[in-house]
């Protein structure tokens with residue numbers, strides 16, 4: 001006979017289940033992504049933002065991003081089980097079944113798409129859907145297992161959020177939004193390759209052709225350094241076109257110098273844990289960079 005749960009046990013069990021579903025959405029990644037969405041929205045308009053596309057746009061894009069993350073969990077569940085970084089995720093630990101995870105992923109994805117299509121605009125809905133397919137299917141299912149340039153090519157899907165924010169409040173493409181996409185596109189390889197160096201043995205064990213596995217750690221360090229230089233150039237684009245001013249220029253230049261210096265240390269003066277330190281720095285780099293875009297935008301408006 002099945003054991004009946006007491007009220008406290010039932011409460012703990014329900015919380016655990018909801019927390020497992022929450023973890024499927026990669027909330028920290030989605031939170032950083034939504035920051036870039038918000039900045040895209042704010043930079044698109046000179047004044048206050050319309051409330052409906054602001055709120056429903058963030059919710060819809062966030063739900064579809066969470067759906068893509070959950071699909072990534074389902075597709076990668078076998079290799080996640082073998083890797084130290086991911087073996088405690090809900091699917092490898094058996095806390096959720098793949099079927100439940102799929103139902104969850106499709107449910108929040110469909111709800112997010114409907115919200116965007118009906119109450120934001122169809123352009124944003126379809127662009128967000130394309131990003132979902134790009135990450136969950138093209139990158140996770142194919143590129144990740146097919147080429148050491150997986151993160152370079154697949155990074156385009158992850159670079160789309162500022163454009164999604166821009167189209168959510170304007171319902172149109174704009175070159176300035178694409179400049180924000182280029183920044184994240186250039187940021188993604190050094191960000192992820194630093195993690196790949198730290199987890200090289202994990203990726204080798206599950207036959208994922210990350211750059212440090214296929215071309216060696218030293219070659220990857222060189223690529224990281226070169227990409228930080230490329231990123232430094234990309235971060236200047238908003239200033240060149242007049243989208244941002246002195247505050248952003250000063251702050252982004254300091255961030256770029258810090259990123260280049262840390263990449264140089266990784267290449268020529270590496271010490272224990274430096275790759276992971278660079279990975280963590282890159283997260284704060286992107287977060288602060290987009291906050292600077294926001295601060296500079298509203299500072300210029302008040303002048």
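The values are calculated or read from the model by the stated rules, or taken from the named source; none is laboratory data. Keep in mind that what you see is a predicted model, and the values were worked out from it rather than measured. Here the Cβ positions follow ideal geometry from the backbone for every residue, glycine too, while neighbour counts run over all protein chains shown.
Which one of 89, 145 is in a loop (DSSP other than H, G, I, E, B) and outside the structural domain of residue 199 (by TED's automatic domain parsing)? After applying the criteria, what remains is 89. Among residues of segment 32-56 that are free of Cβ contacts under 8 Å to residues at least 40 places away in the same chain and in the same structural domain as residue 188 (by TED's automatic domain parsing), none has a beta-carbon under 7 Å from a residue that is surrounded by fewer than 17 Cβ atoms within 10 Å (Cβ to Cβ) and assigned to a loop (DSSP other than H, G, I, E, B) at least six positions away or on a different chain. Examine segment 121-139 for a residue that is at negative phi, free of Cβ contacts under 8 Å to residues at least 60 places away in the same chain and outside any helix (DSSP H, G or I), and state whether such a residue exists. No, segment 121-139 has no match at all.
Kindly establish whether residue 292 is touching a helix residue (DSSP H, G or I) at 6+ places or on another chain (Cβ under 6 Å) and either assigned by TED's automatic domain parsing to the domain that holds residue 32 or surrounded by 14 or more Cβ atoms within 10 Å (Cβ to Cβ) (or both).
Values: touching a helix residue (DSSP H, G or I) at 6+ places or on another chain (Cβ under 6 Å): yes; either assigned by TED's automatic domain parsing to the domain that holds residue 32 or surrounded by 14 or more Cβ atoms within 10 Å (Cβ to Cβ) (or both): yes.
Here the answer is yes, as residue 292 does meet what is asked.
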